[in-house]
Amino acid sequence: MMARLFTTLAAAAMAGCVGPMAAPTPLRSLEYSNPSGPAKCLFVLLPGMGDRAESFERRGFVAELRAHALSADIRATDATFGYYMRGTFLDRLAADVIAPAKARGYREVWIMGPSMGGFGALFYAHAHTADISGVLAIAPFLGDRDVIEEITAAGGLKNWKPPAPVEPMDRDNYQREMWRWLQAVTQGRETAPPIYLGYGNADKLAPADSLLRAELPPSHVFMTDGMHEWGAWRRVLKSFLDSSAFAGRCR
């Protein structure tokens, strides 16, 4: 299902180089436990193209989350290229990360990631809405140029005429199905966890991300200076954690 996604991700020059094609079972992840004891919330982190679970600590995401004194555990996943390419991303994330989290009784489970990970966060929320308390999609990949141009030519997501819902998604329809779902969610016709979006103002994916931005409440959007890179992504995370939209959660 996902082979075409990664052809287009590579063509769009996503961050880093293509990582290993392996998709071992179970999905590997790194846990950073709340230093103050049992946590109320879990943050699940999904890497971008070419990154690994370790990237989140190395690039400052773990430190940023810790700096906000949240009652939260952090699970950085190794949900790399191979899981999407083999079509096992949803099943492995559900079985190896989300199901154990539910068994531990977290009050909230948040899913987030940059680039490919931003797509993955939305993709999982589309398939498993009830599992997730909220999504932070940071500079997410949202589709091929032809799809983005189609929606833009229609006058934006609000005016675009989507195809009928499809099940299951495949490599030919998953992008339009994702946009159909985003349109339905932002217009209140389908349920979803709250969606938050952020990206750099010079990001190469801004033309696509701005289509979603236009349909979200301003309080759900976090813009920053920068391109498609970790510095901008960390600033988005900080702005989100400092925002009134997140105030009072996971304390």
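Observations on the structure shown:
- Segment 126-152 residues that are in contact (Cβ under 8 Å) with a residue 24 or more places away in the chain and farther than 23 Å from residue 111 by Cα, paired with ones that are buried (at least 16 other Cβ atoms within 10 Å of the Cβ) and among the small types (Gly, Ala, Ser) (beta carbon under 8 Å, 6 or more apart): 148/208
- Within segment 205-245, tally of residues that are over 15 Å from residue 114 (Cα atoms) and assigned to a loop (DSSP other than H, G, I, E, B): 8
- Annotation for segment 173-184: no member residue is part of a loop (DSSP other than H, G, I, E, B), aromatic (Phe, Trp, Tyr) and either modelled with pLDDT of 95 or more or within 30 Å of residue 103 (Cβ to Cβ) (or both).
- When residue 163 is tested against (1) out of contact with any strand residue (DSSP E or B) (no Cβ under 8 Å at 6 or more places or on another chain); (2) at pLDDT 95 or above, only condition (2) is not met.
- With respect to the conditions (1) touching a helix residue (DSSP H, G or I) at 6+ places or on another chain (Cβ under 8 Å); (2) under 22 Å from residue 194 (Cβ atoms), residue 129 lacks only one, and its number is (1).
- Residue list for segment 93-137, filter: assigned to a strand (DSSP E or B) and among the charged types (D, E, K, R): 108
- Within segment 53-63, being within 15 Å of the chain's Cα centre (by Cα) and outside any helix (DSSP H, G or I) holds for one residue alone: 53.
The values are calculated or read from the model by the stated rules, or taken from the named source; none is laboratory data. On a predicted model such as this, the values are computed, not experimentally measured, just so you know. Cβ: placed from backbone, ideal geometry, glycine included. Neighbour counts: every protein chain shown.
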